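> This is the structure I have questions about; it appears just below.
Just so it is clear, none of the values below were taken in a lab; they were calculated from the coordinates. Source: prediction; values computed, not measured. Cβ coordinates were reconstructed from backbone atoms using ideal geometry, including for glycine residues, and neighbour counts include every protein chain displayed.
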């Protein structure tokens, strides 16, 4: 099998790189440019004046900024939940496609061959410029004697993979994810890294000693990997259970809210306030929603449906400017959304039961998450927010998509509406938001938004940034989705009308799925852009991932002097952004292939 794959790879290389004299010339020219670029970057990265421990020593600062170590268990729980649900999803939606151990060994062998090649062509010396005198000096960076142990290990691994490739073993292709995640776990237990050591006078001791990675890092990551594998096996077991898949899908939607409002935040709950206000409000909305579901289609009550819906709209809008608890505002908005679709769904006893379950779950989830999200945190950190570093970047990226996507769907549908008021409002929001740069909206959130809020209503700066980010990204999503809606043939609408579908059913079951399928590449591009644009919050003083590397670490002097070490940190930041965006892009390409985009 491995010989067949090698022959196939050789034929592909010949056809694509050496099929003609011009192609051969371009291949050699491109290879020369790439090799020269690698040698220059390697020499730059390994020069003695580069202190990469400025990155490694501040990894905690990069990830969570000033989050207290005493509560790190909450961070590990957040990460673990993400991997557990990832394992469940991989198992539930695995396609059953098989792969062989020989193919896996071939993949690892290619990687090792690449490392061997880069090791052989790496430069032995590099040129540095003295910051004191400005004199260019050539220094040793990677001698041939230093390469021998590395090459010996790599060649030994090649032999091991060659022997393993002879074993005839097949397994599910989705299980490769567990294997790929296992590789860094092994490195955590075997690898030693340079560590900064201080003497009695708090002066750094050179050379930096090599130390194993701390158990506080190795053990949690090992447990997380084991949880991922266990979740994957559970997903395989329940892969034919449609209800289980639905539950996991809904859980993915709720997971970010749960993490950022309850687990990461550690809210302080006032039981007296909960019993006196929140529980009665919750019970009241629960009863009103159930009564609406069961009696809205009554022949007597349905005559007043229009008045009820209009009154509910007025009350919902008025609540935004009244001093009422947030649960009342959220409950009214949720009830309004349900009241729009209830007449079309609650036409039978089964529909009423299903809608009642959805109402109870939705209201309970909303109340639970609002209670955690609006409560004061018990995490004590310097500054005004517990979010900082990569946790802040991830928060902005997730909620920038999490909130803006459904908002974009509503704005796109509203702009295509035949109702002049709805169309005008949605068009105005889209055009206004898209006509102003994102940086201007960030300054608006930081400085001006408080002027437009009702008296007594105050939002944390991060919440204000999330609001403007949601509207900004939502406006761009809306235009992308509107393009997808315009691509739907008119016959689809006519077919839906012919079988008696109402507007809600036609939009949610026929039109919108096709429109979203057509614009998957554009949506992914917008998500990637939003993830990168989250770094702009540094302008308004938020300590995101980029700010930590660009301003905080480069100004450190106690107990270790990292002043002026900006290049190392900026390169590390660029690498992290590239890893996430490239991974998302590749996943998107596989998703598009599964959907058959460009093929049918």
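> Can you tell me the length gained on complete extension of the stretch residue 344 to residue 566, counting 0.36 nm per residue apart and subtracting the Cα distance? Could you put the intermediate results ahead of the total?
On the way: separation 222, 0.36 × 222 = 79.92 nm, distance 5.96 nm.
Computed gain between residue 344 and residue 566 is 74.0 nm.
> Need one number: nm distance between label points at residue 72 and residue 516, each 7 Å from Cα along Cα→Cβ, rounded to one decimal.
The answer from the label model is 3.9 nm.
> Normalising by the residue count of region 92-244, find the relative contact order in percent from Cα pairs under 8 Å and 6+ residues apart. Working shown, then result.
Numbers: 134 pairs, mean separation 42.4, N = 153.
The value is 28 percent.
> Given a Förster distance of 45 angstrom, what is the FRET efficiency for residue 242 paired with residue 39, based on the Cβ-Cβ distance and rounded to 0.05? If you can, show how the numbers build up before the last one.
Details: r = 55 Å, r/R0 = 1.22.
Efficiency for this residue pair is about 0.25.
> Taking square-rooted eigenvalues a ≥ b ≥ c of the alpha carbon gyration tensor, is region 274-373 rounded, prolate or oblate, where a/c under 1.5 means rounded and, failing that, a/b exceeding b/c means prolate? Can you show the working numbers first?
On the way: a/c = 2.36, a/b = 1.42, b/c = 1.66.
Taking the square roots of the gyration eigenvalues as a ≥ b ≥ c, region 274-373 is oblate.
> Something else now. Can you tell me the FRET efficiency between residue 183 and residue 556 if r is taken as the Cβ-Cβ distance and R0 is 41 Å, rounded to the nearest 0.05?
The value I calculate is 0.80.
> How high is the relative contact order of region 384-600, given as a whole-number percent (alpha carbon pairs under 8 Å, six or more residues apart)? Don't skip to the answer; put the middle values down first.
Numbers: 205 pairs, mean separation 57.1, N = 217.
Over region 384-600, the number comes to 26 percent.
> Round to the nearest 0.05 the FRET efficiency obtained for residue 117 and residue 436 when R0 = 45 Å and r is the Cβ-Cβ distance. Before the final figure, lay out the partial values.
Working: r = 49 Å, r/R0 = 1.09.
It comes to 0.35.
> Along Cα→Cβ, 7 Å out, is where each label goes; now give me the distance between the ones at residue 27 and residue 314 in nm to one decimal.
Spacing of the two 7 Å Cα→Cβ label points: 7.7 nm.
> With the Cα gyration tensor of region 303-432 giving a ≥ b ≥ c as the square roots of its eigenvalues, does the rule (a/c under 1.5 for rounded; else a/b larger than b/c for prolate; else oblate) give rounded, prolate or oblate?
Values: a/c = 1.93, a/b = 1.44, b/c = 1.34.
Verdict is prolate for region 303-432.
> Contact order normalised by length for the chain, with contacts defined as Cα pairs under 8 Å and 6 or more residues apart; what percent is it?
Numbers: 601 pairs, mean separation 96.8, N = 600.
Normalised by residue count, the contact order of the chain is 16 percent.
> Extending each Cα 7 Å along its Cβ direction at residue 503 and residue 487, get the distance between those two points in nm, one decimal.
2.6 nm
> Tell me, what is the Rg over Rh of the chain, with Rh the Kirkwood radius over Cα pairs?
1.00
> So, one more: Could you order the peptides 387-396, 59-68, 438-447 from most to least packed, using the average number of other C-beta atoms within 10 Å per residue? Before the final figure, lay out the partial values.
Details: 387-396: 24.4, 59-68: 18.3, 438-447: 16.6.
Taking the mean over residues of other Cβ atoms within 10 Å, the ranking is 387-396, 59-68, 438-447.
> Here is a follow-up. Taking the beta-carbon count within 10 Å as an exposure proxy, list 282, 113, 238 from fewest neighbours to most. Don't skip to the answer; put the middle values down first.
Values: 282 19, 113 12, 238 16.
Listing 282, 113, 238 from fewest to most nearby Cβ atoms yields 113, 238, 282.
> Can you give the extra length, in nm with one decimal, that the chain gains between residue 211 and residue 193 once fully stretched, where that is 0.36 nm per residue apart less the Cα-Cα distance? Walk me through the numbers before you get to the answer.
Numbers: separation 18, 0.36 × 18 = 6.48 nm, distance 0.55 nm.
5.9 nm is the gain from fully extending residue 211 to residue 193.
> Starting from 0.36 nm per residue, how many nanometres of slack lie between residue 384 and residue 365 once their C-alpha separation is accounted for?
Details: separation 19, 0.36 × 19 = 6.84 nm, distance 2.73 nm.
The span from residue 384 to residue 365 would gain 4.1 nm if fully extended.
> What is the distance in Å between the Cα centres of region 263-315 and region 364-424?
21 Å
> Here is a follow-up. Is the C-alpha gyration tensor of region 488-587 telling us rounded, prolate or oblate? Criteria: a/c under 1.5 is rounded; beyond that, a/b larger than b/c is prolate, otherwise oblate. Don't jump to the answer; show the numbers that get you there.
On the way: a/c = 6.19, a/b = 3.67, b/c = 1.69.
Note, shape of region 488-587 comes out prolate.
> Please arrange 206, 182 by how many other C-beta atoms lie within 10 Å of their C-beta, fewest to most.
Details: 206 8, 182 14.
The most exposed by this proxy come first: 206, 182.
> Which of 346, 249 has the fewest other C-beta atoms within 10 Å, and how do the rest follow up to the most? Display every interim value, and only then the final one.
On the way: 346 22, 249 12.
Listed from fewest to most nearby Cβ atoms, that is 249, 346.
> If packing is taken as the average number of other Cβ atoms within 10 Å across a peptide's residues, how do 207-215, 571-579, 543-551, 103-111 rank, most packed first?
Values: 207-215: 11.7, 571-579: 14.9, 543-551: 21.4, 103-111: 17.2.
Averaged packing, sorted descending, gives the order 543-551, 103-111, 571-579, 207-215.
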